[in-house]
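Worksheet: one structure, shown below.
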Amino acid sequence: MRVASPWPPARSLRPSSAVRLLSSTTASYNNFYRNRQLERYAARETRRLSLRQLVFFGRSMNEERLIKSANYVRTELPVRIAHRIRDLQALPYVVVTQPDVAKVYELYWTAFEKRGFVKSLYLIRRYPQINTTSDNEKFCNFLGSLLSEHSGVIPALSLGLSLSSPHLPPDQLDSFMRRMLVTRISRRVLVDHHVALSRAVAKHGAVDSHQRIGIIYPNLDVKACIMQSVKHLKARPLAPLDITGIDSGDIPWPDVVIDGHVDTTFAYIKEHFDYMVFELLKNSMRFTRMFASRHRPNEPLPPIRATIVAGPDDIHLRISDNGGGITTPKVSSPEDLYSFSHVRNRSRLEGERLGALRDVSSSGRGMTATFAEQLADITPAGVSKPDKIGRIGLGLPMSNIYATYFGGSLDLMSLDGWGTDVYLRLPKLGTNLEGIDI
Ligand code: COI
């Protein structure tokens, strides 16, 4: 027996209806569907990279290689952006016209048509070949402006897709979001890496391949990163626990005990690793405080345990807490916490969550994985703006995206009524390609 689907058919926008629809919003849309350029670029294949390729290429940087890198970014970026515009166009009419989704759509369209000031005006896709370091310097400034214009993409997209959740089947919504988020990381990695290499060459004439190659730290010290996150987390004001009758100011931050292969180092993008560690520890600390205040109010807080294991191919980090486990009725399995669909994760359509996302999105502060920015801008009860921003629910899904980006994984194990074990696995050898068709 066929059961009628509760979801509207996932129709793509036809050019004619899309033009009618969008012409009322912005003039720039008018030409959009007629634009053969987009089709040309979207038809090209993107070239996926591995961490190892980024390291090898950046290790022996000189002017000639830098120019090659600049031209690679110059030609690759418009292709990658064109693919995403096509993805957005394939969303159902009601979703792509949702104002926050439309905002992102317009941003990518603007990026595809972005003008650079080099001698005269150029669109990014017609950006002239880069031949000298001085050309490259201008190109890096141009890229910098693109990066900052796009800093608000994640909150806008999360808000827009949460609000569109009733119109998309969960699988379609989650795979769209995953593609958007992974590919955004990939574009930013490409650009950030090139800009960082350019800065190093401009400043020192070369790259110090022991310290840092572009955005990759060849000897990233796992324990030091964990300690840095703990330090920053503990420096934050104690967030209220929303438990009536309990003064949360009396409940301190739990300690974190680090054990296992504590001398482990590996090659990774520090910003990505810091983001994951920070978010995972933040959750553990919050739930440990909450659980202890309810069930063991007069006992010292149980410490969180972070165990590092360096396997032959992978680095493992297990974070174990006594925070009561994942017992929320809003999800039926821990992995559903990664979902952006309200069907899998009921908190996605809660007013408080949407309000917090709206605050972040409209503040223009955006969201990046930069550690300092995280602390200052989007962290709930963050250092500079305590308690202004509620919980936006992006820490776990984004950590999952970062973990899987280069072929790792993030698994959650709930011991209901006791605590949660989080397992983060990251490939050590860096040979995996970016984990999606970008
Ligand atoms: C983004 O941040 O969303 C991007 O696509 C970055 C890219 C335009 C450089």
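Which condition number in (1) surrounded by fewer than 17 Cβ atoms within 10 Å (Cβ to Cβ); (2) in the same structural domain as residue 72 (by TED's automatic domain parsing) is the one that residue 194 fails?
(1)
For residue 130, only one of the following conditions fails: (1) in contact with a helix residue (DSSP H, G or I) (Cβ under 8 Å, 6 or more places away or on another chain); (2) assigned to a helix (DSSP H, G or I). What is its number?
(2) is the only condition that residue 130 fails.
Could you list, in sequence order, all residues of region 304-324 that are part of a strand (DSSP E or B) and not hydroxyl-bearing (Ser, Thr, Tyr)? Show your work before the answer.
Taking region 304-324 first, the residues part of a strand (DSSP E or B) are 304-310, 314-320.
Once the filter is applied, which keeps residues that are part of a strand (DSSP E or B) and not hydroxyl-bearing (Ser, Thr, Tyr), region 304-324 yields 304, 305, 306, 308, 309, 310, 314, 315, 316, 317, 318, 319.
From the list 262, 257, which residue is surrounded by fewer than 17 Cβ atoms within 10 Å (Cβ to Cβ), modelled with pLDDT of 90 or more and outside any loop (DSSP other than H, G, I, E, B)?
257
Given the condition in contact with a Gly (Cβ under 8 Å, 6 or more places away or on another chain) and modelled with pLDDT under 90, answer yes or no: does some residue in region 114-123 qualify?
Of region 114-123, the ones in contact with a Gly (Cβ under 8 Å, 6 or more places away or on another chain) are 122-123.
Restricting the remaining residues to those that are modelled with pLDDT under 90 gives 122-123.
Yes, some residue in region 114-123 is in contact with a Gly (Cβ under 8 Å, 6 or more places away or on another chain) and modelled with pLDDT under 90.
For residue 287, indicate whether it is touching a helix residue (DSSP H, G or I) at 6+ places or on another chain (Cβ under 7 Å), of a type outside the set (Gly, Ala, Ser) and either in contact (Cβ under 8 Å) with a residue 60 or more places away in the chain or surrounded by 18 or more Cβ atoms within 10 Å (Cβ to Cβ) (or both). Give the steps one after another, and end with the answer.
On the way: touching a helix residue (DSSP H, G or I) at 6+ places or on another chain (Cβ under 7 Å): no; of a type outside the set (Gly, Ala, Ser): yes; either in contact (Cβ under 8 Å) with a residue 60 or more places away in the chain or surrounded by 18 or more Cβ atoms within 10 Å (Cβ to Cβ) (or both): yes.
Criteria not met by residue 287.
For region 58-66, check the following and say yes or no: at least one residue is assigned by TED's automatic domain parsing to the domain that holds residue 142 and within 16 Å of the ligand (Cβ to nearest atom). It would help to see each step written out before you state the result.
First pass over region 58-66, keeping only residues assigned by TED's automatic domain parsing to the domain that holds residue 142: 58-66.
So of that shortlist, the ones also within 16 Å of the ligand (Cβ to nearest atom) come out as none.
Within region 58-66, none of the residues are assigned by TED's automatic domain parsing to the domain that holds residue 142 and within 16 Å of the ligand (Cβ to nearest atom).
Among the numbered criteria (1) within 16 Å of the ligand (Cβ to nearest atom); (2) without any contact (Cβ under 8 Å) to a residue 60 or more places away in the chain; (3) more than 21 Å from the chain's Cα centre (by Cα), which single criterion is violated by residue 44?
Of everything listed in (1) within 16 Å of the ligand (Cβ to nearest atom); (2) without any contact (Cβ under 8 Å) to a residue 60 or more places away in the chain; (3) more than 21 Å from the chain's Cα centre (by Cα), residue 44 misses just condition (1).
Look at region 137-170 and say how many of its residues are modelled with pLDDT under 90 and part of a loop (DSSP other than H, G, I, E, B).
3
The values are calculated or read from the model by the stated rules, or taken from the named source; none is laboratory data. Note that this is a predicted model, so its numbers are computed, not measured. Neighbour counts are summed over all protein chains in view; Cβ atoms, including those assigned to glycine, are modelled from backbone coordinates with ideal geometry.
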